[in-house]
Amino acid sequence: MADQPGWGEGTAHADEDALMAGLAVIVGRDTPGIPRGMGDDAAVLSPDLVWTVDAQVDGVHFRRDLSSPADVGWKALAVNLSDIAAMGAMPLAALVSIVIGEGDATSLEPIYSGLEVCSRLYDCPIVGGDVARGSGLALSISVLGRASIDPPGRDGARPGDVIAVTGTLGESAAGLAALLDPTLRDLPGADECIERHRRPHPRLTDGALLAPHVHAMMDVSDGLATDLPRLAQRSGVSLTIDLDALPLHEDVCLIAQTLRRAPGAYAATGGEDYELVMAMSPEAVDACGVPLTVIGRVEDGPAGVRFTGAGADEALRGWDHLA
Ligand SMILES: [Mg+2]
């Protein structure tokens with residue numbers, strides 16, 4: 001038994017990406033027959049089957065004073081569906097594992113009511129699950145999806161591609177800001193931003209339409225400033241992103257300016273947008289049939305992201321892997 005490391009004797013990794021990379025060294029071997037293992041929004045089990053998992057933890061991913069139990073149930077499934085969308089797939093079914101702390105049992109029905117609404121809207125039946133006693137409330141959901149074409153990963157971006165994004169960015173961050181600071185709630189659009197923060201909508205239809213046209217794709221869950229370096233690293237390319245080109249609703253600009261932040265930098269660092277971001281040829285942007293905004297380009301060079309535009313020099317310095 002002497003050669004087994006004990007509790008607390010593993011490596012102290014600097015961040016989530018380093019931790020996952022360290023764990024992948026232990027279990028992430030290439031497995032014959034598995035087209036894609038770790039490193040994308042979902043694993044690809046066979047050319048048409050994708051599989052993902054994501055946890056929402058009380059006090060970390062949600063706060064009881066800011067979201068209802070039904071909101072938490074909705075979002076716990078929606079964030080998984082967003083990963084399925086990033087693979088260009090549609091959901092088949094979900095499993096739900098819940099850990100409950102003291103007194104949480106009576107919250108499960110309210111949580112499941114929101115889960116059910118999201119499940120029905122996106123045609124993803126809940127087919128099983130598990131409940132365990134723990135020190136606090138946490139939901140972990142796993143979704144299996146089916147793709148009609150080879151799912152794109154994060155590793156296919158190539159020089160000459162453009163970087164494009166669906167929808168608009170920053171509303172979830174603005175909604176969270178408005179929940180935390182009541183003085184922002186009188187600003188126009190604050191209620192819509194709060195709704196988007198509480199109940200994000202996965203881009204499933206767009207993802208399936210985009211998949212045949214993209215070289216690489218992922219969802220925007222942690223904010224472009226955190227997510228795009230992952231795509232750049234996986235693809236081994238240099239990305240240049242213009243923060244002034246990001247698609248922002250005017251209400252987000254107003255809330256960002258009220259917080260004295262450059263709107264583009266605010267939206268790129270906010271997170272929880274659940275839009276899709278992709279690398280594709282410039283010609284494919286118009287041909288794909290999905291409204292997109294081009295925000296940058298892919299070039300040869302050291303793998304990383306360079307941000308330009310208002311706010312790039314301050315807020316995103318830590319994310320410039322080329323610096
Ligand atoms: Mg993701």
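The values are calculated or read from the model by the stated rules, or taken from the named source; none is laboratory data. Please read all numbers here as calculations on a predicted model, not as lab measurements. Cβ placement follows ideal geometry from the backbone for every residue including glycine, while neighbour counts extend to all protein chains displayed.
Quick check on this structure: which one of Val294, Val298, Val305 is assigned to a strand (DSSP E or B), surrounded by fewer than 17 Cβ atoms within 10 Å (Cβ to Cβ) and touching a residue at least 40 places away in the same chain (Cβ under 8 Å)?
Details: Val298 fails: surrounded by fewer than 17 Cβ atoms within 10 Å (Cβ to Cβ); Val305 fails: surrounded by fewer than 17 Cβ atoms within 10 Å (Cβ to Cβ).
Going through Val294, Val298, Val305 in turn, just one is assigned to a strand (DSSP E or B), surrounded by fewer than 17 Cβ atoms within 10 Å (Cβ to Cβ) and touching a residue at least 40 places away in the same chain (Cβ under 8 Å): Val294.
Only one of (1) closer than 26 Å to Ile149 by Cα; (2) free of Cβ contacts under 8 Å to residues at least 24 places away in the same chain fails for Arg185. Which number is that?
(1)
Can you list the strands (runs of 3 or more DSSP E) lying wholly within region 116-195 that have 1 or more residues being farther than 24 Å from Ala262 by Cβ?
126-133, 138-147
Of the residues Val50, Val72, which is touching a residue at least 40 places away in the same chain (Cβ under 8 Å), surrounded by 21 or more Cβ atoms within 10 Å (Cβ to Cβ) and within 13 Å of the ligand (Cβ to nearest atom)? Can you show your working first?
On the way: Val72 fails: within 13 Å of the ligand (Cβ to nearest atom).
So the residue among Val50, Val72 that is touching a residue at least 40 places away in the same chain (Cβ under 8 Å), surrounded by 21 or more Cβ atoms within 10 Å (Cβ to Cβ) and within 13 Å of the ligand (Cβ to nearest atom) is Val50.
Could you tell me whether any residue of region 102-113 is of a type in the set (Gly, Ala, Ser), crowded, with 21+ Cβ neighbours inside 10 Å and either touching a Pro at 6+ places or on another chain (Cβ under 9 Å) or at negative phi (or both)? Steps first, please.
Filtering region 102-113 down to residues of a type in the set (Gly, Ala, Ser) leaves 103, 105, 107, 113.
Going one step further and asking which of them are crowded, with 21+ Cβ neighbours inside 10 Å, we end up with none.
Checking region 102-113: not a single residue is of a type in the set (Gly, Ala, Ser), crowded, with 21+ Cβ neighbours inside 10 Å and either touching a Pro at 6+ places or on another chain (Cβ under 9 Å) or at negative phi (or both).
As an exercise: evaluate Arg64 against (1) more than 13 Å from the ligand (Cβ to nearest atom); (2) buried (at least 18 other Cβ atoms within 10 Å of the Cβ) and give the number of the one condition it does not meet.
(2)
Pick from Leu115, Leu169, Leu179: which is assigned by TED's automatic domain parsing to the domain that holds Gly304, more than 27 Å from Ile241 (Cβ to Cβ), touching a Leu at 6+ places or on another chain (Cβ under 8 Å) and aliphatic (A, V, I, L, M)?
When all the criteria are applied, what remains is Leu179.
Here is a list: Ile98, Ile84, Ile34. Which entry is within 17 Å of Ser142 (Cβ to Cβ) and assigned to a helix (DSSP H, G or I)?
Ile84
Might you let me know whether region 102-110 holds any residue that is assigned to a strand (DSSP E or B), without any contact (Cβ under 8 Å) to a residue 40 or more places away in the chain, away from the ligand (no atom under 16 Å from the Cβ) and more than 24 Å from Leu276 (Cα to Cα)?
So far as region 102-110 goes, no, none of its residues is assigned to a strand (DSSP E or B), without any contact (Cβ under 8 Å) to a residue 40 or more places away in the chain, away from the ligand (no atom under 16 Å from the Cβ) and more than 24 Å from Leu276 (Cα to Cα).
Answer with yes or no whether Val237 is crowded, with 18+ Cβ neighbours inside 10 Å, at pLDDT below 95 and either out of contact with any Asp or Glu (no Cβ under 6 Å at 6 or more places or on another chain) or closer than 25 Å to Ala78 by Cβ (or both).
Details: crowded, with 18+ Cβ neighbours inside 10 Å: yes; at pLDDT below 95: no; either out of contact with any Asp or Glu (no Cβ under 6 Å at 6 or more places or on another chain) or closer than 25 Å to Ala78 by Cβ (or both): yes.
Judged against the criteria, Val237 is not a match.
Against the condition within 20 Å of the chain's Cα centre (by Cα) and more than 30 Å from Arg158 (Cβ to Cβ), how does His215 come out, does it pass?
Working: within 20 Å of the chain's Cα centre (by Cα): yes; more than 30 Å from Arg158 (Cβ to Cβ): no.
Considered against the rule, which asks whether it is within 20 Å of the chain's Cα centre (by Cα) and more than 30 Å from Arg158 (Cβ to Cβ), His215 comes out as no.
Residue check: is Asp41 assigned to a loop (DSSP other than H, G, I, E, B), buried (at least 22 other Cβ atoms within 10 Å of the Cβ), under 22 Å from the mean Cα position of the chain (by Cα) and within 16 Å of the ligand (Cβ to nearest atom)? Spell out the reasoning first.
Numbers: assigned to a loop (DSSP other than H, G, I, E, B): yes; buried (at least 22 other Cβ atoms within 10 Å of the Cβ): yes; under 22 Å from the mean Cα position of the chain (by Cα): yes; within 16 Å of the ligand (Cβ to nearest atom): yes.
Yes; evaluated as a whole, the condition is true for this residue.
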